[in-house]
Amino acid sequence: MEAFWNNIRKVTPYTPGEQPKTENVIKLNTNENPYPPSPKVTEALESIGRLRMYPDPAASELVGAIADYKGLKKEQVFVGVGSDDVLAMCFLTFFNGKLPILFPDITYSFYDVWAELFQVPYELQKLKKDFSIDPEDYKKKNGGIIFPNPNAPTGVDMGLSKIEEILQENPDVIVIVDEAYVDFGCESAVSLLEKYPNLLVVQTFSKSRSLAGLRIGYAMGSSALIKALNDVKYSFNSYTMNQPSIVLGKAAIADEAYFQDTRRKIMETREWFKGEMKKLDFHFPDSKANFIFASHERIPASQIFEAARRENIYVRYFNKPGIDNYLRITIGTHSEMESFLTFLRTFIGKTV
Ligand SMILES: *Cc1c(COP(=O)(O)O)cnc(C)c1O
């Protein structure tokens with residue numbers, strides 16, 4: 001099926017050399033070294049194998065595992081080197097028009113960077129006072145839409161009915177929902193894919209699957225959108241997914257019990273931590289992510305940030321108008337959060 005939406009970049013992709021799946025071939029077509037790497041490397045990565053050769057450029061084992069897990073076709077899944085790579089490819093592929101793309105003024109700070117890098121015109125949409133996204137702001141002519149759900153760094157989520165409102169108003173551009181934190185308790189827009197072929201949902205292994213070091217992100221959408229993404233990817237770097245990531249990523253997907261257990265633990269710790277923070281006079285929007293975005297009634301966020309740092313506790317502080325009195329605090333283990341609370345109790349006690 002030919003894509004009919006506006007603003008999609010069309011290219012003829014580079015074709016990588018063949019990587020046969022059978023053994024016993026003399027492979028002299030892609031300049032690989034015939035010798036194995038250092039024995040120490042092979043030892044550590046014994047279960048992974050095949051490091052001498054280029055990986056499968058389509059990462060089909062991993063794509064297949066994700067597709068099966070999500071109940072989608074292989075043609076509906078695109079994988080990349082973290083969702084940052086996936087999102088950068090999305091900007092290149094789908095935000096290729098003259099009208100400005102729309103995203104919230106307080107959001108993932110990479111969006112404006114990519115827009116600048118790829119010279120995509122953009123227009124920031126103000127969050128409401130309670131930090132929620134107003135669908136009304138996304139009902140005007142535009143070159144495409146992107147927002148995280150739940151949003152970062154606020155943790156505030158948007159229900160599927162509001163996402164549908166945005167989709168219904170924008171059938172001729174691509175709408176991207178960045179679900180980096182969706183596994184921590186908010187509803188995924190994957191269920192809307194069948195109804196909206198211009199929707200692209202992006203997720204990552206970095207947060208809920210504890211694999212930020214592996215760099216695996218993926219996009220899910222109609223096969224037309226995934227093909228457009230692959231065409232751009234093959235014109236940029238065919239071998240984005242390395243062999244260990246393909247093998248270990250597939251193994252992570254297979255361990256459903258572990259995934260459910262760890263995400264439940266994070267959510268439980270988060271809810272308990274919210275209560276403790278309220279007792280200490282912090283306020284924050286209700287977060288559905290693995291962090292809370294908190295501000296203290298009396299003490300400036302920058303002071304808490306500096307004091308915590310001196311105690312070797314690192315939280316995130318954004319020195320940006322509108323959010324410069326907030327701290328983004330990641331949910332660690334229960335005992336890590338206990339240590340942070342102990343620090344806060346002492347610090348706040350000294351400051352009042
Ligand atoms: C962390 C994050 C990403 C990128 O994660 P990767 O490690 O590149 O997969 C993308 N979007 C948002 C909103 C994030 O917070």
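The values are calculated or read from the model by the stated rules, or taken from the named source; none is laboratory data. Because the structure is a prediction, the values reported are computed rather than measured. Every residue, glycine among them, receives a Cβ derived from its backbone with ideal geometry; neighbour counts consider all protein chains shown.
Within the range 147-179, which residues are touching a Pro at 6+ places or on another chain (Cβ under 9 Å), among the aliphatic types (A, V, I, L, M) and either modelled with pLDDT under 95 or not in a loop (DSSP other than H, G, I, E, B) (or both)?
I163, I166, V177
Of these, L248, L341, which one is within 30 Å of E46 (Cβ to Cβ) and part of a helix (DSSP H, G or I)?
The unique qualifying residue is L248.
Please count how many residues of the range 122-140 are more than 19 Å from L327 (Cα to Cα) and under 22 Å from the mean Cα position of the chain (by Cα).
Number of matching residues: 9.
Which ones in the range 173-185 are more than 9 Å from the ligand (Cβ to nearest atom) and surrounded by 20 or more Cβ atoms within 10 Å (Cβ to Cβ)?
V173, I174, V175, I176, V177, V182, D183, F184
Given the criterion over 21 Å from the mean Cα position of the chain (by Cα) and surrounded by fewer than 16 Cβ atoms within 10 Å (Cβ to Cβ), identify the matching residue among Q303, Q260.
Numbers: Q260 fails: over 21 Å from the mean Cα position of the chain (by Cα).
It is Q303.
Could you tell me which residue of the range 186-201 is farthest from the ligand (Cβ to nearest atom), considering only residues that are in a loop (DSSP other than H, G, I, E, B), within 17 Å of the chain's Cα centre (by Cα) and not hydroxyl-bearing (S, T, Y)?
If we take residues in the range 186-201 being in a loop (DSSP other than H, G, I, E, B), within 17 Å of the chain's Cα centre (by Cα) and not hydroxyl-bearing (S, T, Y), then E187 is farthest from the ligand (Cβ to nearest atom).
If you go through the range 222-244 one residue at a time, do you hit one that is polar (S, T, N, Q), within 16 Å of the ligand (Cβ to nearest atom), in contact (Cβ under 8 Å) with a residue 40 or more places away in the chain and not in a helix (DSSP H, G or I)? Walk me through it before giving the result.
Pass one, the range 222-244, residues polar (S, T, N, Q): 222-223, 230, 235, 237-238, 240, 242-243.
Filter once more, keeping what is within 16 Å of the ligand (Cβ to nearest atom): 237, 240, 242.
Pick out the ones that are also in contact (Cβ under 8 Å) with a residue 40 or more places away in the chain and you get 240, 242.
If we keep only those that are not in a helix (DSSP H, G or I) too, we end up with 240, 242.
Checked the range 222-244: at least one residue is polar (S, T, N, Q), within 16 Å of the ligand (Cβ to nearest atom), in contact (Cβ under 8 Å) with a residue 40 or more places away in the chain and not in a helix (DSSP H, G or I).
Just a yes or no: is a residue in the range 138-157 farther than 30 Å from P13 by Cβ, within 12 Å of the ligand (Cβ to nearest atom) and hydrophobic (A, V, I, L, M, F, W, C)?
Yes; the residues of the range 138-157 include at least one that is farther than 30 Å from P13 by Cβ, within 12 Å of the ligand (Cβ to nearest atom) and hydrophobic (A, V, I, L, M, F, W, C).
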